Amino acid sequence: MTAMDAVPPPEDPPLAEPAYRVFDRAAWAALRASTPLSLTRADIGALRGLNETVSLADVQEIYLPLSRLLNLQVRAARRLAMAQDAFLGHQAAPPPYIIGIAGSVAVGKSTLARVLRAILARWPDHPRVELVTTDGFLHPTKVLEERGLMRRKGFPESYDLKRMLGFLNALKAGEAEVAAPVYSHLKYDIIPGQMQVLRRPDIVIFEGLNVLQHAAGAPVVASDFFDFSVYLDAAISEIEAWYIERFLLLQKIAFPNPDSYFHHYRDLPLEEAKAVARGIWTSINLPNLQQNIQPTRHRARLVLRKGRDHAIEQVWLRRM
């Protein structure tokens with residue numbers, strides 16, 4: 001097993017290579033060892049995103065080695081918690097192991113999180129695995145409109161950070177029941193009164209754009225609560241192409257719904273729809289990626305680098 005030299009495209013700032021061990025796909029796949037395949041092709045198909053192409057080979061070569069690493073990490077964290085309990089002279093239920101997943105819009109975070117959750121939940125040691133997205137912690141549309149932030153949605157200031165940190169703190173405090181707000185992508189807003197309730201999960205996957213951001217002067221940030229973190233990476237030009245492709249798919253399957261926030265885009269001709277999608281990307285998502293999301297990449301414990309076909313080509317594992 002050897003690490004390979006990696007040269008990111010010129011448009012992307014490089015990672016600090018000495019801090020990471022870099023694996024090509026074959027070297028990473030070899031770390032699967034005897035981890036069994038627990039998902040079927042049908043399972044994988046149900047977990048894919050709109051324009052994602054996760055394959056059985058991706059699960060075998062990327063996700064299973066990652067699940068093995070995380071299983072070892074979870075066990076080690078539990079042993080450490082037991083050692084501290086022994087020192088303190090009392091025994092308590094271990095807090096959930098929290099995995100943060102960050103990356104751009106349209107890079108495939110949601111699919112990564114869903115597939116990883118399905119695999120981790122099949123390990124006998126931690127069957128209760130929950131997935132929570134930061135979308136639920138966005139301010140409601142009404143608040144964003146009042147503050148003039150609708151075109152800054154997804155930027156750090158569009159989130160209810162106090163509520164998000166309170167949720168993560170309650171999880172780590174071992175509270176018996178913790179609730180997160182629920183977001184509707186169709187309505188592009190928080191669903192009033194609807195909550196996702198977590199009851200003593202073993203693992204929580206916390207997925208969102210800016211989960212690794214470190215605000216200057218902030219006494220506590222979301223990543224302080226993470227036991228492990230993953231950044232899903234790709235060339236900016238590829239992410240832009242995926243975003244436009246996804247917009248066009250949504251125009252066909254979601255925007256025709258009268259309840260869709262983007263219903264007014266449903267009948268745009270193809271070239272106009274592409275222009276709108278490119279405009280949204282250029283004015284909102286690209287600046288957010290370059291200013292707030294991509295700079296947090298070096299803070300991740302693991303970086304997964306995707307190629308043009310959505311397949312993960314490189315794995316960067318931070319040295320301990």
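The values are calculated or read from the model by the stated rules, or taken from the named source; none is laboratory data. Small disclaimer: the values here were computed from a predicted structure and weren't measured. Cβ placement follows ideal geometry from the backbone for every residue including glycine, while neighbour counts extend to all protein chains displayed.
Side notes on the structure shown:
- When the residues of the stretch 232-249 are filtered to those that are surrounded by 16 or more Cβ atoms within 10 Å (Cβ to Cβ) and of a type outside the set (A, V, I, L, M), the one that is farthest from the chain's Cα centre (by Cα) is Phe247.
- Within the stretch 191-202, considering residues that are under 19 Å from the mean Cα position of the chain (by Cα) and within 16 Å of Phe137 (Cβ to Cβ), the one surrounded by the most Cβ atoms within 10 Å (Cβ to Cβ): Leu198
Conditions (1) surrounded by fewer than 20 Cβ atoms within 10 Å (Cβ to Cβ); (2) over 22 Å from the mean Cα position of the chain (by Cα), marked per residue:
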position: Ile253; (1), (2): yes, yes
position: His263; (1), (2): yes, yes
position: Asn285; (1), (2): no, no
position: Arg299; (1), (2): yes, no
position: Val303; (1), (2): no, no
position: Ile312; (1), (2): no, no
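- If you go through the stretch 259-276 and keep only what is without any contact (Cβ under 8 Å) to a residue 24 or more places away in the chain and of a type in the set (A, V, I, L, M), you end up with Leu268, Leu270, Ala275.
- Filter pass, Arg21 being outside any helix (DSSP H, G or I), surrounded by 12 or more Cβ atoms within 10 Å (Cβ to Cβ) and at pLDDT 85 or above: yes
- Helices (runs of 4 or more DSSP H) fully within the stretch 62-176 counting 2 or more residues that are under 29 Å from Leu47 (Cα atoms): 64-88, 109-120, 161-172
- Pair list, Cβ under 6 Å, 6 or more apart: the stretch 232-258 residue within 14 Å of Gln290 (Cβ to Cβ), other residue surrounded by fewer than 18 Cβ atoms within 10 Å (Cβ to Cβ): Ala235/Pro9; Ile236/Glu11
- Looking only at the stretch 51-99, residues that are among the hydroxyl-bearing types (Ser, Thr, Tyr) and under 21 Å from Asp125 (Cα atoms) come to 3 in all.
- The test for being surrounded by 14 or more Cβ atoms within 10 Å (Cβ to Cβ), at pLDDT below 95 and charged (D, E, K, R) holds for Arg122.
- Test set (1) surrounded by 15 or more Cβ atoms within 10 Å (Cβ to Cβ); (2) without any contact (Cβ under 8 Å) to a residue 60 or more places away in the chain; (3) under 22 Å from Leu289 (Cβ atoms) - Tyr188 fails condition number: (2)
- All positions within the stretch 14-64 that are touching a helix residue (DSSP H, G or I) at 6+ places or on another chain (Cβ under 8 Å) and of a type in the set (Ser, Thr, Tyr): Thr35, Ser38, Ser55, Tyr63
- One residue alone among Gly148, Gly154 is surrounded by fewer than 20 Cβ atoms within 10 Å (Cβ to Cβ) and on the phi > 0 side of the Ramachandran plot, and that residue is Gly148.
- Whichever residue in the stretch 33-56 is part of a helix (DSSP H, G or I) and without any contact (Cβ under 8 Å) to a residue 60 or more places away in the chain and, among such residues, is nearest to Val303 (Cα to Cα): Leu56
- Residue check for Ile239: more than 23 Å from Pro127 (Cα to Cα) and either in contact with an Asp or Glu (Cβ under 8 Å, 6 or more places away or on another chain) or assigned to a strand (DSSP E or B) (or both): no
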